[in-house]
Each structure stands twice: as structure tokens, then as C-alpha cells.
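Notes follow once the structure below has been shown.
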Amino acid sequence: MNRHLHPLIRAAIFSILAFSCAIASAQTWRWTDPASGRVIYSDFPPAGKVKDLVRIDRGSAQVVSSEDTSLSFATRQAAQKYPVTFYSGPECQPCNDARQLLSKRGVPFTEKSVQTEVERNELKTLVGDDFVPTLRVGSQRVRGFDASAYNNLLDLAGYPKNEASTTAAQ
């Protein structure tokens, strides 16, 4: 009988580990319910308008407001699913060109100026070195500035070609 328990125990352990890995890689959403004022955490973003929508992605939080009416619906959806982080350096012409492309296209982005050792290490972890500019859209990355590569990545993420206004967070 012990021979039959061993494969069952092994299958149970495998199932638990697979489930744990799935949970660990999932995104978490936090928002405030407008009716009750309670803070809610979920695996899925809420339907409709809520207050203080935040996507928590493996230790970092990206604030995406569902009530920002200055952005189109398509842009808000893309920003929620695929937030844009732009890594730049001081006195960097390719960085200026990349920033101008993002601004002209109306992409809301978070810019991180890479100047300290901690910021360099973060970028090295992300792309393998501390080269700027670097663009991150969701989990995808582009090292350096190539307008067609930037536009292709933004297109794939669902960002519209042109947006009336821009949001940049420092």
C-alpha cells in the first residue's frame, strides 16, 4: 500500500508547488471601493470606476488612475496593463529624443534618471548593463533609442499612435 501512496504524495506536492508558483507570479490590484470606502485587493482589476487604483507587480507599485479623463480610454487601458518606465541619463541626446517621442505620442510614463550607484544597479538587473536610454513597457525592454523599436513596442502594448495630453511622473 505504501507503494501507491508515494506517487499520490508526489502528485500532491507537485500540485501545491505549481499553484504556489502561479500565485507568486500573479499581479495584484488594490483599489478603494467608492460605495463602502473599503480598500480591496484582488488578482484582477476592477470593472468600472474606482478610487486609487494601484497595480502591484513583484514588489513595485504603479499608480494608474481610472478617473484620469485627460487620457483616452485606450491609453488608460494600455497604461494599466503595460506601464511605461523610461530610464534616462543627464545630458543625453538619445534620452531627449526618446522622451520627445513618448511625449509626442502622449504615453504616460515614469522617468527614472540613472545617476546613483543604486539606480545603475537597478538598471543592470533589468537589462544587463547601465546603458541609457532604456525603455520598459510592461515586462518588455528596449535598450538604446530606436524610434521604430519604441513605436513597435508601444503599438503592441495598445498605446494609441497620438494622444492629446501627456503624463510624466518623475
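Results, tabulated for the structure shown:
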{"item": "Spherically averaged projected area of region 71-170 from its Cα convex hull (nm²)", "result": "5.7"}
{"item": "Proxy reagent accessibility, fewest Cβ within 10 Å first, across Glu122, Glu111", "result": "Glu122, Glu111"}
{"item": "Debye, to nearest 20: dipole size of region 71-170, +1 on Lys, Arg Cβ, -1 on Asp, Glu Cβ", "result": "380"}
{"item": "Extension gain, Thr125 back to Asp155 (0.36 nm per residue minus Cα-Cα distance, nm)", "result": "8.3 nm"}
{"item": "Potential extension, Ala47-Asn162 segment - 0.36 nm per residue separation minus Cα distance", "result": "38.8 nm"}
{"item": "Gain in span if fully extended, Phe73 to Val118, counting 0.36 nm per residue against the direct Cα distance", "result": "12.7 nm"}
{"item": "Amide proton proximity set for Lys112, modelled H, under 5 Å, gap of 5+", "result": "Phe86, Tyr87, Ser88"}
{"item": "Counted charge near Tyr150, where neighbours are those whose Cβ lies closer than 10 Å (Asp, Glu -1; Lys, Arg +1)", "result": "-2"}
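Bear in mind these aren't lab numbers, they're just calculated from the coordinates by the rules spelled out. This structure is a prediction, so every number in the text was calculated from the model and none was measured. Note that we place each Cβ from the backbone using ideal geometry, even for glycine, and neighbour counts take in every protein chain shown.
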